[in-house]
Amino acid sequence: MRAIVKVKDGINWVGAVDWSVRDFHGYLTQKGTTYNAFLVMDEKIALFDTVKKSFKGDLLHNIYKVIDPKKIDYLIVNHVEPDHSGALPEMIEVIKPEKVFCSARGKKALIDHYHREDWPYEVVGTGAEISLGKRKVMFIETRMLHWPDSMFSYLKEDALLISSDAFGQHWATSERFNDEVDASELMFHAAKYYANILLPYSPLVQKLVRDVQKMDLKIDMIAPDHGLIWRDSPMQIVAAYDRWSQQTPKPKALIVYDTMWHSTETMAKAISDGLIESGVSTKVMDLAVDHRSDVITELLDAKAIILGSSTLNNNMLPRMADMLCYMKGLRPANKIGAAFGSYGWSGEAVKLMNSALEDMKIKVLDPGIQLQYVPDHAGLGKCVELGRKIADAVKKESYSGAH
Ligand code: FEO
């Protein structure tokens, strides 16, 4: 996609659309993504962020539609991760900018990535302002959201917040603004992005939301570095981040399993019967077909996580081990859990999944159920009972208001 888009007078989107990327460090980007970059024309011409190295041509092509890139004075690096700075070394060669603005941690990260001490760095921190002429840019450091170097750029006269990774979505589209796409699909991608990238930093998101509220910034538009720009009711995504980062679950249960010969799958269905008949919204996900990152999206607002795996070679099945490794890093909070599974002769999987839950500080509600080979009627009855028991706890311990 090579089409610049006017964001505001004198401000153009000049980024790139990546229709085909499907993996972001284990996150299934099933609909691609965009790498957003913004060109601001003023007495000083500034480029906010660049793109992934392989999209350098798209960025240059888009800038040329507005201006000769050599006329750019300032480069602003809100975030050093290579999906935003990969094209930077070549852009610096072309542009020869007067200054490269970044946070102190940004400067260190740029040097650690590109080994160039000679670039014209200008370090800025929260509250620092630079003038582009008619407009001023204020910087807000957002450390660990989600890298130590991350920061926002706020263009006061335009009431535009360029928010780096925060408030983004991995979704490749020809449209550039939230009011041009389906609102529920947009919110799905924004929630998936939050759950898979920002969830472990939820306490910092809470602090950031409060800090930004205190600053009382007029915000007319929020432009993240991925996905759609929030033009219509931009504060809706800040409100969603406030909600998600509080990690107050809904009365919802998530059953995630992998199965060898369908016995564990049969148990999953019986547990879901117990939950559903008790009136708890329940989602059942089979790791053979559901991606780990989609499981995490469902986990974002679920109270209970119930894990199922057959025992294989004295262990859980490998897809469950992968799931738990990924989930542990994302540090979900305020959850309750349980485990179940079928086994042949040793039956370690349930115990191992319980340990993994405890390790993640997820309250294990029940020792769990393991059934030998193929579940009989009595065994499945125990599974239904487990579902009912979890339903009682879910209803008692979760928030039932609107989310
Ligand atoms: Fe989109 Fe943290 O990079």
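The values are calculated or read from the model by the stated rules, or taken from the named source; none is laboratory data. The structure displayed is predicted, hence computed values, not measured ones. For neighbour counting, all protein chains shown are included, and Cβ atoms are generated from backbone atoms with ideal geometry for every residue, glycine included. The accessibility values were calculated without ligands, DNA or RNA, using every heavy atom of the protein model including side chains. Shrake-Rupley method; radii C 1.70, N 1.55, O 1.52, S 1.80 Å.
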When only alpha-carbon atoms are used, what values of Rg and Dmax, in angstrom, describe the stretch 82-203?
16.1, 46
If r is the Cβ-Cβ distance from Lys361 to Gln246 and R0 is 22 Å, what FRET efficiency results, to the nearest 0.05?
0.85
Please identify the GluC sites (Glu not before Pro) of the stretch 58-152 that satisfy two criteria: DSSP loop assignment and at most 11 other Cβ atoms within 10 Å. Which are they?
Glu117
Expressed as a whole percentage, what fraction of the accessible surface of the stretch 282-324 belongs to carbon and sulfur atoms when a 1.4 Å probe is rolled over the protein heavy atoms?
44
Out of all DSSP beta bridges in the chain, what portion is antiparallel? Express it as a percent rounded to 5.
45
How many angstrom separate the Cα center of the stretch 324-396 from the Cα center of the stretch 226-297?
16
Under the √(5λ) rule applied to the eigenvalues of the Cα gyration tensor, what semi-axes describe the equivalent ellipsoid of the stretch 330-403? Give them in Å, descending.
25, 17, 8
Restricting the stretch 38-114 to trypsin sites (Lys or Arg not before Pro) in coil, as DSSP defines it, with at most 13 other Cβ within 10 Å
Lys65
Using 0.36 nm per residue, how much length does the chain from Asp211 to Ala239 gain when fully extended, once their Cα-Cα distance is taken away?
8.7 nm
Whole number in Å², please: accessible area per residue of the stretch 1-75, 1.4 Å probe, ligands, DNA and RNA not counted.
40
Quick one: putting +1 on the C-beta of Lys and Arg, -1 on the C-beta of Asp and Glu, what dipole do you get for the stretch 1-111 around its Cα centre, in Debye to the nearest 20?
80
Lys/Arg +1, Asp/Glu -1 at C-beta; the chain dipole; positive extreme among Thr266, Leu287, Met353
Met353
Compute the semi-axes of the equivalent ellipsoid of the stretch 145-278, taking the square root of 5 times each eigenvalue of the Cα gyration tensor, and list them largest first in whole Å.
35, 17, 14
What value, in deg cm²/dmol to 500, does the helix sum -39500 (n - 2.57) over DSSP H runs of n ≥ 4 give at 222 nm once divided by the residues of the chain?
-10500 deg cm²/dmol
Below 8 Å, C-alpha to C-alpha, sequence gap of six or more: please give me the relative contact order for the chain in percent.
12
If every Lys and Arg gets +1 and every Asp and Glu gets -1 at its Cβ, then about the Cα centre the stretch 192-235 yields a dipole, in debye to the nearest 20, of 140
Using the reciprocal of the averaged 1/r over all distinct C-alpha pairs, how large is the Kirkwood radius of the chain in Å?
22.7
Can you tell me how much longer the chain between Asp232 and Arg331 gets when fully stretched, taken as 0.36 nm per residue apart minus their C-alpha distance, in nm with one decimal?
32.5 nm
Return the distance in nm (one decimal) between the two label points of a simple spin-label model at His113 and Ser54, each offset 7 Å from Cα along Cα→Cβ.
1.7
Order these peptides, 131-137, 237-243, by their mean beta-carbon neighbour count within 10 angstrom, highest first.
237-243, 131-137
Any idea what the dipole of the chain comes to, in debye rounded to 20, about its Cα centre with Lys/Arg Cβ at +1 and Asp/Glu Cβ at -1?
560
